[in-house]
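Nothing in this text is a laboratory measurement; each read-out follows from the coordinates by a stated rule. Predicted, not measured: the structure shown is a model, and the values here were computed from it. Heads up, the Cβs are rebuilt from the backbone with ideal geometry, glycines too, and the neighbour counts pull from every protein chain shown.
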Amino acid sequence: MESPTTDSPAGFVKFFGQGSSRSPRERSVLDAVRTSGSHRICTYPRARRPRAVRDGDVMFMGHLVSGPNDIKVYGRAVARRYEEGRDDATAEDIVRRPWLGRWPHFIRVGGMEFVDGILADGVSLSELMEELGPYAFGPTAENADRGVGNLDPRQSIRQAAAIRLSEAGTSWLNEELEAVFRRCGRARAEEVPGLDWPGAQTRHV
C-alpha cells in the first residue's frame, strides 16, 4: 500500500469518547454529535497538534462504545488543515465547553453527514481491522511493505487521538458507511436543528 500523495485526499478516523467511559451502543448519533461538536470540529489533546491533516482530507468520526467494546464510525466530513492560533481554544471557548481545556486543538470540518440512528448502527472499526489487518491503517501498511515495525492495527490506535487510514482502509470505510446510510438514513449536519454553529459576531467552537 502506498502512502497518500499530495494530490489525493487522505482519510483519518478521529476518536471520540474515553476508554474508561465508553458510550452505550443505544446512544443516539445525534446526541454524540451535539455533545462532541463533531459536526464542525475534531478536537485533539494539548500535546498533540494535528499537523498531519491537510485541506480536503476526509475525517471519519468514530465513537468508543461498550457491550462489547468497539469504535463505531458514525459520520464523515471534509477537513481544513490545522492553523496554530486560529484552531486553538480560547478562554471563552473553554468556558462554554470546559473539556476543551484538555482538548484545545481543532481540525475544523465542513459538510458533515452522519448516520440517522444510534451508535450501534455505525461501522465497526474492529471489522475493518479484522478484514484488512495491517493494511487497515497507513502506518501499519507502510510497516508491512517495509517489513519493519508494528503490524498490529489495534496496537497502533492505543492512546491515539486519531489514525490515518490506508487507501484500502479509506475505500472500505466509505463503502461500509454508504451501506449504513442506505439502511438507516443519512443526516446532513447543516440541515439538523439544534446544532450549534458559530454566529456572524462570534468565534465559538
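Some values worked out for this structure:
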read-out: Full-extension gain in nm, Asp31 to Glu127, via 0.36 nm per residue minus C-alpha separation; value: 32.2 nm
read-out: Estimated dipole of the chain in Debye, rounded to 20 [Cβ of Lys and Arg +1, of Asp and Glu -1, Cα centre]; value: 800 debye
read-out: Residue range of the chain that is longest and free of GluC sites (Glu not before Pro) which are both DSSP loop and sparsely packed (at most 16 other C-beta within 10 Å); value: 85-205
read-out: 19 Å reach of a label modelled at Gln18, 7 Å along Cα-to-Cβ, counting backbone N of the stretch 147-166; value: 158-162
read-out: Ser8, Ser166, Ser156 arranged by Cβ crowding within 10 Å, fewest neighbours leading; value: Ser8, Ser156, Ser166
read-out: Given (1) 17.4, 56; (2) 21.9, 82; (3) 16.4, 53, the label whose value is Rg and Dmax of the Cα atoms in Å derived from this model; value: (3)
read-out: Percent RCO, i.e. relative contact order, over the stretch 11-189, from Cα pairs under 8 Å lying at least 6 residues apart; value: 27 percent
read-out: Loop-located trypsin sites (Lys or Arg not before Pro) in the stretch 102-168, at most 13 other Cβ atoms within 10 Å (DSSP); value: Arg102, Arg158
